[in-house]
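The values are calculated or read from the model by the stated rules, or taken from the named source; none is laboratory data. In this text, all values refer to a predicted model and were calculated from it rather than measured experimentally. Don't worry about glycine lacking a Cβ; one is built from the backbone with ideal geometry, like all the others, and counts go over all protein chains shown.
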Amino acid sequence: MESMNAVNMHAILSAFLLFLSRAFLVSIFFFFGGLAEASQQWILGTTGCQGEFEEGIYHTKNSRKIRISEVTAGTPAEGKLVVGDLITGLDGKTFESDARVAFAKAPTFAESEAGRGRLSVVRDRNGQRSNVVLNVPVMGTYRSTAPYGCPKSTKIFDEGCEKIAEVMDVSKIRASGSFQRMDPFLNLMALLANGDQKFRVLLDEYVSRYPGKSEGGLYAAWHSRQVKV
């Protein structure tokens with residue numbers, strides 16, 4: 001019975017954390033993870049850039065263009081887009097509906113074998129319109145059973161865990177000699193659900209250094225949930 005419960009817990013954690021990982025269901029980070037309320041910036045899927053829309057933060061149904069506000073070095077957008085560029089469409093056609101929604105769906109096909117990693121955007125730079133191809137990683141196609149039995153889902157989850165481990169490097173903790181201020185527990189749950197033993201050292205290090213109590217404040221209850229898990 002204990003073995004079965006452990007398997008069920010592993011499956012539940014894996015499914016939940018996979019849902020939160022990069023690009024799952026038309027790039028969940030694009031919709032929620034990258035929003036900065038003050039500037040109304042959104043992470044544009046796997047392109048490596050952020051953009052602003054014409055309307056309010058959650059109401060973009062009339063938006064027909066995206067203004068690039070940030071481009072990260074070493075990503076598909078580098079060298080193709082710069083701050084101030086406008087994205088006015090996809091595949092040679094201008095947006096005819098909510099630009100945010102349309103752009104959020106585009107990487108799903110581009111990342112597939114059929115899409116060959118080619119995300120074609122209509123770029124307007126200083127009034128000059130051109131079609132630009134962003135070369136995004138080919139991740140495969142979601143199966144109807146996703147996230148279960150889906151190689152793409154597994155690949156996204158594994159890549160996400162690798163990035164988490166990189167950011168939460170144990171050597172950085174040892175060097176500082178203190179517990180990092182950032183709330184790590186959702187990240188730790190992801191590594192736990194992954195099940196790869198190479199993450200065990202990182203998990204043990206964080207747990208051993210946790211001070212044993214959560215801070216108060218508005219999100220104290222939210223924080224305590226993942227701490228208890």
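Among (1) within 19 Å of GLY79 (Cα to Cα); (2) under 17 Å from the mean Cα position of the chain (by Cα), there is one condition TYR142 misses while meeting the rest; what is its number?
So TYR142 meets the others, but not (1).
Please state which one of GLY74, GLY33, GLY51 is out of contact with any Lys or Arg (no Cβ under 8 Å at 6 or more places or on another chain), at pLDDT 85 or above and assigned by TED's automatic domain parsing to the domain that holds ARG118.
When all the criteria are applied, what remains is GLY74.
Provide a single number: the residues in segment 76-95 that are of a type in the set (A, V, I, L, M, F, W, C), part of a loop (DSSP other than H, G, I, E, B) and buried (at least 22 other Cβ atoms within 10 Å of the Cβ).
Matching residues across segment 76-95 total 2.
Just for segment 117-158: of the residues that are among the charged types (D, E, K, R), out of contact with any helix residue (DSSP H, G or I) (no Cβ under 8 Å at 6 or more places or on another chain) and in the same structural domain as ILE66 (by TED's automatic domain parsing), which one is nearest to VAL83 (Cα to Cα)?
ARG125
Restricting the search to segment 110-141, which residues are in contact with a Pro (Cβ under 7 Å, 6 or more places away or on another chain) and part of a strand (DSSP E or B)?
Selection gives LEU119, LEU134, ASN135.
Pull up segment 53-66, narrow it to residues that are more than 12 Å from VAL122 (Cβ to Cβ) and surrounded by 17 or more Cβ atoms within 10 Å (Cβ to Cβ), then point me to the one that is farthest from the chain's Cα centre (by Cα).
SER63
Every residue in segment 124-159 that is touching a Leu at 6+ places or on another chain (Cβ under 8 Å), buried (at least 19 other Cβ atoms within 10 Å of the Cβ) and within 30 Å of LYS65 (Cβ to Cβ), please.
Result: LEU134, VAL136, ILE156.
Got at least one residue in segment 89-98 being touching a Lys or Arg at 6+ places or on another chain (Cβ under 9 Å), modelled with pLDDT under 95, among the acidic types (Asp, Glu) and assigned by TED's automatic domain parsing to the domain that holds GLN50?
yes
Take segment 111-122 and flag every residue that is free of Cβ contacts under 8 Å to residues at least 60 places away in the same chain and crowded, with 20+ Cβ neighbours inside 10 Å.
Across segment 111-122, the qualifying residue is only VAL121.
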